[in-house]
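Engineer: Take this structure, written in structure tokens, and hold onto it; I'll ask about it next.
The values are calculated or read from the model by the stated rules, or taken from the named source; none is laboratory data. Keep in mind that what you see is a predicted model, and the values were worked out from it rather than measured. Using ideal geometry, Cβ is built from the backbone for each residue, glycine included, and neighbour counts are taken over all protein chains shown. Heads up: the accessible areas ignore ligands, DNA and RNA and are worked out on the full protein's heavy atoms, side chains in. Shrake-Rupley method; radii C 1.70, N 1.55, O 1.52, S 1.80 Å.
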Amino acid sequence: MKDIKAIRGRYYIHGLIQEGEHEHQDFKFAITDAPKIAHSISAFANNDGGHLLIGVRDNGSVAGVRSDEDIYMIEQAALMYCRPAQKVEITAFAVEAGAIVVRARIPKAEKRPVYARDTDGSWRAYFRVKDENIVAHPVMLAAWERMARGGDTLFALSQAETALLTYLDEWGMTTVDRYMTGAHISHATATDIVARLYAMGIIDFSYTGSEFVIVRT
């Protein structure tokens, strides 16, 4: 760790470790794969941000960062394997017995979606759900792109939009496909409606463990 000066942080780091891995935190023993770490950067950036603790094993024990290469790989992942390139804030903490843990903080992206390049050359956007990086639903991408463009204003709800909100109030959740079928509208129309309502903060997405569903905010 020649290029980054570590600051004292034993109690701070152990406090974070006690939280375990969650929606805004991930443990990494070491960084060996830039495309893989780009998935985490994309997932945090597309959610509300988060951080990686490098030099911490999955079980929460401190191993310490052993090479500056870990920092280089994170920066490479953020700049070369994320589209658009992301900023990662690096801070090193001296923890115990000479061990250093690096916190790599990924802010929420100003404009979503943030894509990560996979090893096969394809680009996918990820979303952080609990302690997992999940491939974002296509309608989420459409909604984020719509939000980035701006300009949505709610004047009046269409019959199809009202039907969706009424259904959610009664049943709690649905999927785009079930909404499309129940409302007798095309997939393109259903996608546009869901993206519009999400962009205006009226509905949200929730992950059930197997699929993304639409819920009321």
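Engineer: Skipping prolines and chain starts, which residues have an amide H placed within reach, meaning under 5 Å, of the one on Gln25, given they are 5 or more residues away or on another chain?
Structural biologist: His51
Engineer: Which of His51, Ala99, Phe29 sits closest to the plus end of the dipole of the chain, meaning its Cα is farthest towards the positive end, when Lys and Arg get +1 and Asp and Glu get -1 on the C-beta?
Structural biologist: Selected residue: Ala99.
Engineer: Right, another one. I'd like the Karplus ³J(HN,Hα) series for the stretch 185-200: coefficients 6.51, -1.76, 1.60, θ = phi - 60°, whole numbers in Hz, and an x wherever there's a Gly or Pro.
Structural biologist: Working through the residues one at a time gives 10, 6, 4, 5, 5, 4, 4, 5, 5, 4, 4, 5, 5, 5, 4, 8 Hz.
Engineer: Taking amide H positions as placed 1.01 Å from N in the peptide plane, with prolines and chain starts having none, which residues 5 or more places from Ala125, or on another chain, fall under 5 Å of its amide H?
Structural biologist: Correct list: Ala116, Ala136.
Engineer: Right, something else. If you take every residue apart from Lys111 with its C-beta less than 10 Å away from the C-beta of Lys111, what net charge results, scoring Lys and Arg +1 and Asp and Glu -1? Before the final figure, lay out each step's value.
Structural biologist: Numbers: positive: Arg112, Arg149; negative: Glu110, Glu145.
Local charge sum for Lys111: 0.
Engineer: For the stretch 28-37, take each phi angle, set θ = phi - 60°, evaluate the Karplus expression 6.51 cos²θ - 1.76 cosθ + 1.60, and give the result in whole Hz per residue in order, putting x for glycine and proline.
Structural biologist: 9, 5, 7, 10, 10, 9, 4, x, 5, 5
Engineer: Hey, what do the phi angles of the stretch 107-113 turn into as Karplus ³J(HN,Hα) couplings, whole Hz, using 6.51/-1.76/1.60 and θ = phi - 60°, x for Gly and Pro?
Structural biologist: With coefficients 6.51, -1.76 and 1.60, one gets x, 4, 5, 5, 10, 10, x Hz.
Engineer: Lys pairs in the chain, Cα-Cα under 24 Å, at least 8 apart or on separate chains: how many?
Structural biologist: 17
Engineer: For the chain, report the accessible area per residue in Å² (1.4 Å probe, heavy atoms, rounded to an integer).
Structural biologist: 53 Å²
Engineer: Right, here's the next one. Asn133's amide H: which non-local residues (gap 5+, or another chain) put their own amide H closer than 5 Å, with H modeled 1.01 Å from N in plane and none for Pro or chain starts?
Structural biologist: The answer is none.
Engineer: Continuing with the same structure: Mind running the shape call on the stretch 47-172? Use the C-alpha gyration tensor, a ≥ b ≥ c as the square roots of the eigenvalues: rounded below 1.5 for a/c, prolate if a/b tops b/c, oblate otherwise.
Structural biologist: Prolate.
Engineer: Computed from these coordinates, which is P(r) over Cα pairs in 10 Å bins from 0, in percent: (1) 7, 30, 31, 20, 10, 1, 0; (2) 8, 36, 40, 15, 1; (3) 8, 30, 28, 18, 11, 4, 0?
Structural biologist: (3)
Engineer: While we're looking at this one, here's another question. For Lys108 and Glu89, compute 0.36 nm times the residue count separating them, minus their Cα-Cα distance, and round to one decimal in nm.
Structural biologist: 5.6 nm
Engineer: To continue, here is another question. Test of understanding: what is the full-extension gain from Glu170 to Arg149, defined as 0.36 nm times their sequence separation minus their Cα-Cα distance?
Structural biologist: Once the chain is fully extended between Glu170 and Arg149, it gains 4.4 nm.
Engineer: Ok, one more. Sum up the charges of everything whose Cβ sits under 14 Å from the Cβ of Val215, counting Lys and Arg as +1 and Asp and Glu as -1, but leave Val215 out.
Structural biologist: Local net charge: -2.
Engineer: Sort the following peptides by mean Cβ neighbour count (other Cβ atoms within 10 Å, averaged over residues), highest first: 177-189, 132-144.
Structural biologist: The most tightly packed comes first, giving 132-144, 177-189.
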